[in-house]
1. To check my understanding: the extent here is largest minus smallest coordinate of the Cα atoms along each principal axis. What are those three numbers for the chain, in Å, largest first?
2. Which value in nm describes the separation of the simple spin-label points at ALA53 and ASN97, placed 7 Å from the Cα toward the beta carbon?
3. Rank-order 152-162, 40-50 by packing density, defined as the average count of other C-beta atoms within 10 Å over each peptide's residues, highest first.
4. Taking θ = phi - 60°, what integer Hz values does the Karplus form 6.51 cos²θ - 1.76 cosθ + 1.60 yield along the stretch 6-12, in sequence order, with x for Gly and Pro?
5. Classify the stretch 49-138 from the C-alpha gyration tensor, please: rounded if a/c falls under 1.5, else prolate or oblate depending on whether a/b exceeds b/c.
6. Quote the relative contact order of the stretch 1-135 in percent (integer), defining contacts as alpha-carbon pairs under 8 Å separated by 6+ residues.
7. Under a point spin-label approximation (7 Å from Cα along Cα-to-Cβ), what is the SER32-ASP158 distance to one decimal in nm?
8. Once both labels are modelled 7 Å past Cα along the beta-carbon direction, what's the GLU121-GLU151 spacing in nm?
Amino acid sequence: MDLHIRYEGDDDPQKCTARKLAKFDRAELHRSHRATPYGIVLNPHAEQALSPADRLVAEDGALVALDCSWESAGEAQFSLAGEHRALPYLVAANPVNFGRPMQLTTVEALAAALCIFGEREQAEDILSKFTWGETFLELNDEPLRRYADCEDSGEIVDIQQEYLDR
Ligand SMILES: C[S@@+](CC[C@H](N)C(=O)[O-])C[C@H]1O[C@@H](n2cnc3c(N)ncnc32)[C@H](O)[C@@H]1O
C-alpha cells in the first residue's frame with residue numbers, strides 16, 4: 001500500500017519518524033496540502049474510527065499521515081482532502097510517549113493502520129527501521145489483531161471500549 005505523509009517540518013528532525021521512512025524509501029513526503037494525494041487521512045480528531053472497511057479507499061488512493069509536532073497538531077492543521085479517520089485505542093512504544101494511549105508517532109500510526117487493513121508484513125517492515133518498532137507490535141498485539149477482524153467502525157468502537165474500561 002502506498003504511504004504518503006504531509007510533512008510540516010516543525011518537529012525535531014533527529015527524532016522525526018517521517019523523515020526516516022522517506023530516507024528508506026518507505027513513504028513519500030509532501031510539502032503542501034495540495035501536493036498530498038487523496039485517501040484515508042489518519043487524524044486523531046476525526047469522528048469516525050478507522051476500520052478494515054476503509055481499506056479500498058486507501059488502496060485506490062493513499063494512506064496519509066500528517067507529520068507535525070503535537071503542539072501544532074490542532075484540528076485546523078488537518079484540512080487535507082480525504083476521508084479522515086482516528087485510530088482506535090492503542091499505546092505508543094516510542095521513547096517520547098512510551099505507554100501513552102493515542103499519541104502515536106507517524107510510523108506507529110501508519111503501521112497500526114496497515115495492521116488493521118491486514119497488511120502486517122508491511123507494518124513490520126516500516127517499524128523495523130526503529131529500535132523500538134517491534135515493541136509497538138508486541139504492546140498492541142491483541143487489540144491490533146481484534147481490530148483487524150472487525151467489519152466496520154462500529155465494531156471497532158465496541159472493542160475499543162473494552163480497553164478503555166479496563
Ligand atoms: C502529530 S504527528 C507527530 C509525529 C512525530 N513527530 C514523529 O516523528 O513521528 C503524528 C501523526 O500520526 C498520526 N496519528 C497519531 N496518532 C493518531 C491517532 N490516535 N489517530 C489517528 N492518527 C494518528 C496523525 O497523522 C498524526 O498527525
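Coordinate-derived values only; no laboratory data. Bear in mind the structure is a predicted one, so any value in this text is a computation, not a measurement. Backbone-built Cβ (ideal geometry, glycine too); neighbour counts: all protein chains shown.
1. Result for the chain: principal-axis Cα extents of 38, 31, 29 Å.
2. With each label point 7 Å from Cα toward Cβ, the separation is 2.6 nm.
3. Numbers: 152-162: 16.3, 40-50: 19.9.
Going by the mean number of other Cβ atoms within 10 Å, highest first, we get 40-50, 152-162.
4. Those phi angles translate into 6, 9, 7, x, 9, 10, 4 Hz.
5. Numbers: a/c = 1.81, a/b = 1.11, b/c = 1.63.
Verdict is oblate for the stretch 49-138.
6. 26 percent
7. Inter-label distance under the simple model: 4.6 nm.
8. Each label point is offset 7 Å from its Cα along the Cβ direction, giving 2.9 nm.
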